[in-house]
1. Going out from 0 in 5 Å bins, what whole percent of all Cα-Cα distances in segment 31-127 drops into each bin?
2. Quick one: which residues, 5 or more positions from residue 248 or on another chain, have an amide H under 5 Å from its amide H? H modelled 1.01 Å from N in the peptide plane, none for Pro or chain starts.
3. Please report the orientation-averaged projected area of segment 61-216, defined via the convex hull of its C-alpha atoms, in nm².
4. Between 66, 34, 48, whose Cα lies farthest towards the positive end of the dipole of segment 31-127 when Lys and Arg beta carbons carry +1 and Asp and Glu beta carbons carry -1, centred on the Cα centre?
5. Strictly over 23 Å apart at the Cα level, which of 56/121; 121/340; 121/337; 135/278 would you flag in this model?
6. So for 309, 423, fewest C-beta neighbours within 10 Å to most, what's the order?
7. List the residues whose amide H sits under 5 Å from the amide H of residue 621, counting only those 5 or more places along or on another chain, with H placed 1.01 Å from N in the peptide plane.
8. Would you mind working out the magnitude of the charge dipole of segment 289-385 relative to its Cα centre, with +1 at each Lys and Arg C-beta and -1 at each Asp and Glu C-beta, to the nearest 20 Debye?
Amino acid sequence: MPTRISRLFPALFFLLFLGQAPVWSAQTETNGVQATVQALLHSLDYIAVDYSGAVKDGEISDAGEYSEQREFAAQMLEQLARLPQTAQSPDLQNRLIQIRDAIETRRPDDEVAALCHEAAKGLIATYGVSIAPRKAPPLTLGARLYQQLCAQCHGSDGRGDGPQAAGLEPPPVDFHNPERQDLRNVYSLYTTITLGVKGTAMPSFVQLNEEQRWALAFTASNFLASNEERRHGEQIWRQRGGLGLITHLEQLTLLTPTAARTQASVDGESLLAFLRAKPEHLTPQGKDAVRLSRQKLAVSMQAYRDNDHEQAYELAMSAYLDGFELAEGQLKTVAPKLRKQVEESMSSYRQLLKADRPVAEVEAQYQIILTQLDEAQSVLAEAGESAALTLFSSMLILLREGLEAILVLASIAAFLAKTDQRHHLRYVHMGWIGALVLGVATWLVAQLFIDIDIGGAGRELTEGIAALVAASMLLYVGFWLHRQSNVQQWQQYLHGKLGQQLSSGRLWGLMFIAFLAVYREVLETVLFYQAFWLQSPPEGQRYIVMGFIIAAVLLVAIAWAIFHFSVRLPLRPFFRANAILLFVLSLIYTGKGIAALQEAGYLQKDSVPFVEIDLLGIYPNLESLSIQALILVLAAIWLLRQQRPPASA
């Protein structure tokens, strides 16, 4: 293995961040849109809640408040004009004009509130704004922050009578006041905490992180309900689930007590009170893979309707790479056929976008995907409730992702042991430990500095390159081992190396193979487990941990068995068995590397009628099968040449 192989290490690490650069740029632009939409939603909430204090029975009851209502209505139209224009923009503009005119003509407060709520729904649907936390926030954190930051004005129990409340104009909000709080949802509290309220003593708490602000919002939402209402809501939850009213965090953060009461009477209001106090009972919305995929597909479809075909395709890619793909780890276990159907449907959708097909045809394919994603969401929810299935799925994720890496590491370790070079095992350990550390660090960096989970085209590019480089190196080592299976040639090799250690280049090459074998698996494993964790209820998460531990023990046992039994083989069978193993692994890595680059959009994908065996890296497309077939043909030719007797014979 040439010394220059080790130079690929920094190059590969650079490629990861090169692949992520467009994501960072796109995310910056998206954050600007989200901030503007969030400000608009904040204004709509303010008007919906406070308009009743400005107008009574068609007459102005508070001139200052009424003036602010008019000002907010005018500002919203200006903010909307700054947003990217879509096919829905005229409708949104009309809704805001209706609100402005309703305020000008002093229409009833319930009519104005209804107009505001409809406009808010339209904004959320059009711009795909994030309206729920990544996961249920810890309310113990919210309670602590409330006492530190809010109690001085709002009072320790939220009645607006804190020690600094006297003299404040307007006075701090009383969170027990049903006239106001019945009309507020958790998301409106979150935006108020994030943006503050102009012209009041309510500051912006943007310096807090997202989890802290959500925790504060949920805490403030809980003052209105009584413990008796929450107990009644808990009974309803345990007996009848979410009543079809609240099934995930997005619904919880948008629902007001008034709306819950309108849709499901007292039971709906009690259920809302309970889940606001115990949001961890709901499937997380923010980074849920299937729902994130639906959200991105919706925006993609809208972009295509607006004739922005390039943006539509990019969003469709993201819907798969950053969304659905993260659910595939679990779906492969619980519903492999459905997983394949969704993957094929999303691929067909992308091909229609690239071919600039008529909107009606693309829309039909989009609806097919939505139906399949609904089924996938239902399957995942049921799987999350089954302890045995959760445990089994968790085991299979780690076993599936770790087996290939274990085979490579065990093969290298056995070779060093068989050739009395155990002291060089430290290079192998440096490789796989470095891959673990770098893989987790890469994910952590993305979590801390990018507002999305690591994923997408950058991840696929990295995995694809790592797999193909590893495949070529394993193929080379496999050929070399097969050559040494001739005892005479091996003795000549040993005599030539007598008294010498492996060269520095070969040792670093061994380390790099170990690194590549583990690094690409770590990235996928971390992502799959993160998505699985978020999709499982709190009581099911311990089974994920148990499954992970069992799988880790099994992988160690598999590694030991391969190492132990291969070392005990006679020399000739040992080299041949190891060579065959590395040939097979190189084919697997080739197939998976090509597939990763195809998923990222870097290589074309032409489907053919052929079996798919994901574990063996066999996929029914012309490109990967052709390259694997070429490798097999070249290997066969090489092996036939090796069987020829030497010329001297």
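1. 2, 14, 28, 25, 15, 9, 5, 1, 0
2. Close amide H contacts, sequence-distant or interchain: none at all.
3. On the way: hull surface 41.0 nm².
Directional mean of the projected Cα hull area for segment 61-216 stands at 10.3 nm².
4. Most positive-ward Cα: 34.
5. Details: 56/121 26 Å; 121/340 33 Å; 121/337 35 Å; 135/278 12 Å.
Where the Cα-Cα span goes over 23 Å, the pairs concerned are 56/121; 121/340; 121/337.
6. Details: 309 16, 423 9.
Result, fewest neighbours first: 423, 309.
7. Distant-sequence amide H within range of residue 621: 608.
8. Details: 11 positive and 16 negative charges, 35 e Å.
Rounded to the nearest 20 debye, it is 160 debye.
Bear in mind that the values in this text are calculations on the coordinates, not laboratory data. Just so you know, these numbers come straight off a predicted model, no measurement behind them. For neighbour counting, all protein chains shown are included, and Cβ atoms are generated from backbone atoms with ideal geometry for every residue, glycine included.
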